[in-house]
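The values are calculated or read from the model by the stated rules, or taken from the named source; none is laboratory data. The structure displayed is predicted, hence computed values, not measured ones. In this analysis, Cβ positions are derived from the backbone assuming ideal geometry, glycine residues included, and neighbour counts consider all displayed protein chains. The protein model used for the area step is the full one, side chains on, heavy atoms only, and it has no ligands, DNA or RNA in it. Shrake-Rupley method; radii C 1.70, N 1.55, O 1.52, S 1.80 Å.
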Amino acid sequence: MAFQLTPVWFIALPLLVAFAAPLWVRLGLLMSMLFATPLVLFGLAVSLFPAVGDAPLLETIVIAPPLGIHLHLDSASLLMVALFNLAGVLFASFLWLGDTEPHLRGRGPFVLILLLITGCTGLVLTGDLFNLYVFLEIAGVSAYALSALRRDKTALEAGLKYLIIGSVAAIFILLAIVLLYLETGQLNLAALARDFGDIPAAMQGLIGLLLLVGLGVKAELFPFNVWVPDIYRGSDPAVTSLFSGILVKAFLFVLFHLVFLLLADPAVARAWLMALGALTMLVAELVALRQQDMRRMLAYSSLGQVGLITLALGFASEATTAGALFHMVNHTLVKMLLFFVAALMLRRFLSLRLADLRGVGHAMPVATALFVLGSLAVLGLPPLSGFVSKLCILKGFAEAQAFWPIALILLAALIEAGYYFRWIKVFYDSDPAAPQCRSDDGPAYLPLVLIAGLLLLLGVAPFLIEDWFVQAARALLGRGTILESVLGVQS
Amino acid sequence: MSLMIKILFLAVSLSPALTLSTWGESLAWPLFGGIELLFDLNPISAFFLLLLALGAPLVALPMLRGAPDRPAYALYALLLLGMQLLLLAGDFIGFFVGWEIMTWSSYLLLLRSSRTDLEGAQSYILFNLASAFLLLAGILVFHSLTGDFRIQAIDQLGGPEPLALAVLFGLAFLIKVGTLPLHLWVPRAYDQAPDIFSAFLSALMSKMGVYGLILLATLFPEALSGLLGRLLNGPAAGYILAWIGVITSIVATFKAISQEDMKRLLAYSSIAQVGYITTAIGVGSSLAIGGALFQALVHTLVKLLLFITVAGIILQTGRRRFNDLGHLIDRMPISFLAVLIGIIGLAGMPPLPGFAAKYLIFVSLIDARWLLLLAAMLLSSTAAFIYCYKLIYAPFLGHANSPEAKTATEAPWPYLVPQVILMGLLVALGIFPGFGIQFLIDPVLTALGLAPIGAPSWGELATPYGGYDGVVLMTVFGTAFALVTGGFFLLRGRMRRAGSPYDLSYAGEVPTADTPLHYGAGMGRELRRIPLIGWILLHTTTGFLTGLTRQSLAAAGLLGGFYGRNPQTWILLAVLLFALALTLVTLTGGAL
Amino acid sequence: MLEFLDSPRVLHGIYILGSLTLFFIGLYGLLAKRHLLKALIGIAVMELSVYLLFIALATSPGETAPILADGLIDFTGMADPIPQALTLTAIVIGMAVLALGVSLAIQYHRLTGNSDMRAMTELKDS
């Protein structure tokens, strides 16, 4: 076959499509390309899955690792790539069918969205620390620009704030990378993993903390996530769905990929990460109780879920890791659904404040029903997929006889129910002042209904893709396999 | 189109009956990571499924009135699906799935009422989710003990885990049945729910908690005796449960007496009646469980009847407070008869089957020699007569206190058909208590590993402490009833001439606006003067829960302060934390 | 007299001190100055200090530039080329971020007439 299906296409194709944007504008194919590119890549990811299950795919660029740079495609990163591209498809179809605002449909957003997906894909695929930094900045810059896309006061303020805090985080990460190189003379992740143990303990601590702060800011861990609500509030709800659905997941993946890879014994970081996760979860859920704006509420809810995922990944047992990866997928789908609903409501009511949305259930029955469905999935109520992933995480904890995370997760879910159901109740209030004309513009709901269907399908028949998560968890935790496949030695 | 939807909906409401009659093999559905959902019909779940099969179409029938309410139909179908999953589940995950589907679909149905306020809705969903999450925690403890999710007895007792398990499961189910002090959501929800749906909530959904409590008994064989040993002639752990049930029923009975609203009264009465069931399950002997099941059966029939009748009254008059009603006996005779039968069943008076149920529970208490409990239970079941009286007097007798009550007509047929069916069932069960024991209760008892009670004939109820013959009893009471009613109708014309009901309250004085024109008015108000009861009526857990809400909101506000608006603060926070952690790491010698 | 400066330890020590100083100057600018452009300058200075640290510590005195030219085909005595390549890349990226930041700041200023970071309160709503 002349046309080689290699991991490099995941990065090269969106870049090529993005930079040919003027051509698509001329041909009038902008939206269809935005839709087709992630769709093709999603198909590619699915077709690669059986091959990757046997052995990780390495895509060497110029020189073989550890000297050259390479892309490392194993089950875990493939899962992430598939997720990102699926999210890209859903997002593009929402933009395309939803007749969204012009500032989301031009050439600029087209390029930025593709760049964001590329950056996130690169983050999870790269096997090299410096490329990690490059992709991190690609994803970052496109996110800052997307955030400010609307070019009004709130959007610009959000974009600026995002840029400032994001750049500081990037400096921390860059400093950590510099120190790692100076200590080991390596940039290849596998080689670094081999040599990390030889670095003096104090320096290990410094590097670890620098990475933790830098990636903690990016992956929205408490107490480094104070910026999140403002940014989510200021950006377009549709764009925010990308932040919550793709960007955070990529950084969470990078954080844990590094932790599992660099530390021969992840138990060292377990206490730190689990504590951070539990704190993130509880604090965010509590604060969300008082929010009056839907975007802020969803932002805090998103933080809460990130905390849950961190807690489960930090425990680093195979069951909880598989559950956490499953939960990542669910959370991406759910938050895209909820933010799309928010976008539709914002377009209709020009406000997302709780008081202004009273009785919206009578004006937009389908959108509200989808919001209810999404809330149920976030809360982890059966028969939606959030339940299965949460159950998987909880079961993992129970099997390891660790009961405090179970108690905290259930408590957090109860608090979360407290605010989600408050919103639902207000949505269904019978308010004579609410506009009574029912209008649900049809095609815009297609991607939303698709997401809802996926949530239901994964909730009822999770065994369909169970293998993906178990293999991904093994790949993520399997430090030895990675070292062996890259360096060719038994570590 | 709308007719098609209605027929479809009615067909869906018959699905529990269909399941019950055609269930064959057990089913398994693989879920995830070796978790398999097992579904099977055993005698215990068959009993509760029978209740559901009886109740579901009867509640669905009144819902058919008017334009089809499609979302409500869909949610009702989901609710039925959830409850059937719950009952058929052979493993805890399936049980939990059904439990949760039931919870959220019933919550969304609750929101269809325009009377539901934020507080009521929130307390409903939060209490029920708390119950569900306690259940889930219990399931996880169970899993860590046995390595399995199948519902089965725990072999080796000992250590703190089984006790933790019993407490977690127990709390979960007690919230669902609305035991004190976890009952707060019940009156609000029953009161605010759509009128017909209240019947479903009270009659059927509270029984799911009872089902759970009975399952708990299957987890711990010898009916909880293994947990804490025995007391007198019963299990000590059950003694606690029995007291919880009795205290619940006493307090709820007094609360019910002091209610001014028909649905709230029925809600509190429901709590009290389910309290009896809790007590009986605590006793745990064959007689007691038999009594509990019988009481569950009777309570389902009675509460369906009463709530549907009350819904009919509210539909026709638009009024729900006792003070606004009155003198409906002429205008709504069938409803009157329904309430009459209902309260006789509720009060546990012969000849209706409520008597048989209470009789079994009392006998089981004597058998366990828990006489203090027996006395307390007698107190509450006697006090129940008062609210039963209020329920029949205030809406139907006296004189009408609102224009609507003066012009009301009999409820429409979708309301009357279930009433008539339920009345018939109650009377039939009153005549044949032995039938109920033999065909409904005994299979469950056998499945639970208890001795069946048995019945010499369909008409007789027999226990080691004596019994009675339902046929004879019904004949005697029926004859008396016929004589009195016949006499009343014969003398009716003359009695009406003798005076009008208005004479009672006018009695020579000119009433002012605040003069209560109704005997039911203020009834139960004087209860507050009785020392202990007054204290109980004045104190509720509402304050505690409001406080809890306020505290968590305050905590939310405090923590929300972290999430500032200034990017410089964000960076400063990050840098300071970094410096702090670095110092810590350096001080502890570089260990992360 | 100043030969001791040629020893890598001392030289690297000085570089570390210098870049740390730069880093803290940048941080100070970011935290203490309210003007948006000054904050962006602070970020740029912090980035610069990291580049400086990288280049300086990866080179020892006496090493030549890692360029293969003029018949020079031997690798001995050359500085490690990787840090220099990486730093070049990082500078380009930093440049892009800075440009985006400045353009956003200018637009924000045009729209609101405000350039004070602490006065950015459009998002305040609860």
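Here are a few things to note about the model shown:
- Taking amide H as placed 1.01 Å from N in the peptide plane, the amide H of B:Leu328 sits under 5 Å from that of B:Phe396, B:Leu397, each at least 5 places away or on another chain.
- Overall, the ratio between the Cα radius of gyration of the stretch B:357-422 and 2.2 N^0.38 Å, rounded to two decimals, is 1.76.
- Here B:Lys6 sits with roughly 40 square angstrom of accessible surface, probe radius 1.4 Å.
- The spread of Cα positions in the protein assembly as shown, taken along each principal axis and listed from longest to shortest, comes to 132, 64, 63 Å.
- Alpha carbon convex hull of chain A, volume per residue in cubic angstrom: 136 Å³
- When the other protein chains are added to the chain by itself, burial of at least 50 square angstrom of heavy-atom accessible area (probe 1.4 Å, ligands and nucleic acids ignored) affects these residues of the stretch C:83-104: C:Leu86, C:Ile93, C:Val97, C:Leu100, C:Leu104.
- Per residue, the convex hull spanned by the Cα atoms of the stretch A:267-460 amounts to 97 cubic angstrom.
- Computed from backbone phi, the HN-Hα couplings of the stretch A:212-219 come to 4, 5, x, 6, x, 4, 5, 8 Hz, rounded to whole numbers (Karplus: 6.51 cos²θ - 1.76 cosθ + 1.60, θ = phi - 60°; Gly and Pro given as x).
- Interchain or long-range residues, amide H under 5 Å from A:Arg151's placed H: A:Leu156
- The protein assembly as shown - mean residue ellipticity at 222 nm from DSSP helices (-39,500 (n - 2.57) per run, n ≥ 4, rounded to 500): -23500 deg cm²/dmol
- Taking the C-alpha atoms only, the angle from helix C:81-112 to the longest principal axis of chain C is near 10 degrees.
- Among the protein heavy atoms, those of A:Arg290 account for about 120 Å² of accessible surface (1.4 Å probe, every chain in place).
- In chain B, Cα pairs under 8 Å separated by at least six residues give a relative contact order of 12 percent.
- Volume per residue that the Cα convex hull of the stretch C:1-119 spans, once the total is divided by residue count, Å³: 125 Å³
- Annotation: amide H of B:Leu31 within the under-5 Å range of B:Glu36, B:Leu37, sequence separation 5 or more or interchain, hydrogens built in the peptide plane.
- Exposure ranking of B:Arg550, B:Arg264 by accessible area [1.4 Å probe, largest first]: B:Arg550, B:Arg264
- In sequence order, calculated HN-Hα J values of the stretch B:122-127 (Karplus, 6.51, -1.76, 1.60; Hz; x Gly/Pro): 5, 5, 4, 6, 6, 5
- For the stretch B:321-456, a crude dipole built from +1 on the beta carbon of Lys and Arg and -1 on the beta carbon of Asp and Glu, taken about the Cα centre, is about 200 debye to the nearest 20.
- Exposure of B:Glu119 as accessible area (Å², to 10), given a probe of 1.4 Å and all protein chains: 110 Å²
- Sequence of B:Glu161, C:Glu47 when ordered by accessible area, the most exposed leading, probe 1.4 angstrom: B:Glu161, C:Glu47
- Sorting A:351-358, A:466-473, B:130-137 by average packing, meaning the other beta carbons within 10 Å per residue, from highest down gives B:130-137, A:466-473, A:351-358.
- Karplus (6.51, -1.76, 1.60) ³J(HN,Hα), θ = phi - 60°, over the stretch B:351-365, in Hz, Gly and Pro reported as x: x, 7, x, x, 5, 4, 4, 5, 4, 4, 5, 4, 4, 5, 5
- Bridgeable lysines around A:Lys218 (alpha carbons under 19 Å apart, same-chain partners fewer than 8 residues away excluded): A:Lys161, A:Lys249, A:Lys335.
- Ranked packing of B:287-296, A:190-199, C:8-17, most packed first, by mean Cβ within 10 Å: B:287-296, A:190-199, C:8-17
- Heavy-atom accessible area per residue - the protein assembly as shown, 1.4 Å, Å²: 36 Å²
- Label-point separation, A:Glu318 to C:Leu31 (7 Å along Cα→Cβ), nm: 4.7 nm
- Ranking by accessible area, most exposed first, for C:Lys124, C:Lys38 with a 1.4 Å probe: C:Lys124, C:Lys38
- Computed log₁₀ I(q)/I(0) - Debye formula, equal Cα scatterers, no solvent, chain B, q 0.11, 0.12 Å⁻¹: -1.06, -1.24
- Partner shielding of B:570-583 amounts to 6, given as the average count of beta-carbon atoms from other chains within 10 Å of each residue beta-carbon.
- The ellipsoid that matches the Cα gyration tensor of the stretch B:540-587 has semi-axes, each √(5λ) in whole angstrom, of 36, 16, 4, with the longest given first.
- Between B and C, accessible area buried - total, square angstrom, nearest 100, 1.4 angstrom probe: 800 Å²
- Solution diffusion estimate, µm²/s, Stokes-Einstein, the stretch C:3-58, Kirkwood Rh from C-alpha pairs, 37 °C, viscosity 0.692 mPa s: 278 µm²/s
- If you bin all the Cα-Cα distances of the stretch A:80-207 at 5 Å, starting from zero, the percentages per bin are 2, 10, 15, 17, 16, 13, 10, 7, 5, 3, 1, 0.
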